[in-house]
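The values are calculated or read from the model by the stated rules, or taken from the named source; none is laboratory data. Keep in mind the model is a prediction, meaning the values are calculated, not measured. When we count neighbours, we look across all protein chains shown, and the Cβ atoms used for this are built from the backbone with ideal geometry, even at glycine. Protein only, heavy atoms only, side chains kept; ligands, DNA and RNA dropped before computing areas. Shrake-Rupley method; radii C 1.70, N 1.55, O 1.52, S 1.80 Å.
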Amino acid sequence: NVPEDQADKLLLASWGLPKAVLEKYHSLGVVQMFEWQAECLMLGQVLEGKNLVYSAPTSAGKTLVAELLILKQVLETRKKALLILPFVSVAKEKKCYLQ
């Protein structure tokens, strides 16, 4: 569980994302994360590029964790990222979404 003193970490706005990115998520109805998603982002040195392995059922929100990690790394380091997706349709959807 997310400690009470870090409850603000559930809000996407607390992760240092640019306003345009936050507005896009908000337009899709995504304003905050589930506790388990915030826990993933707060584990160890995940935000510094260390590995993270997590598992959740279909439609639980795994992609949001990956997107936030990728966006933060790309925007903060100005380096490229590789996102591997299982289906062409999902890849096309994410391409449009992330652009």
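Rolling a 1.4 angstrom probe over the protein heavy atoms with all chains in place gives segment 1-49 an accessible area of 64 Å² per residue.
By accessible area, using a 1.4 Å probe on protein heavy atoms only, segment 4-98 has 58% of its surface on carbon and sulfur.
Between helix 88-98 and the chain, what is the angle of the helix's C-alpha long axis to the longest principal axis, kept within 0 to 90° and rounded to the nearest 10? Approximately 60 degrees, to the nearest 10.
Rounded to 0.05, the FRET efficiency of the residue 20 and residue 50 pair, given R0 = 41 Å and the Cβ-Cβ distance, is 0.90. Site pair residue 32 and residue 70 shows an inter-label distance of 2.6 nm when each label is modelled 7 Å from Cα along Cα→Cβ. The distance linking segment 82-99 with segment 16-41 is 18 Å (Cα centroid to Cα centroid, whole angstrom).
In the chain, which longest range has no chymotrypsin sites (Phe, Trp or Tyr not before Pro) that are both DSSP loop (not H, G, I, E or B) and surrounded by at most 16 other Cβ atoms within 10 Å? Could you put the intermediate results ahead of the total?
Working: sites that count: 34, 54, 87.
That would be 1-33.
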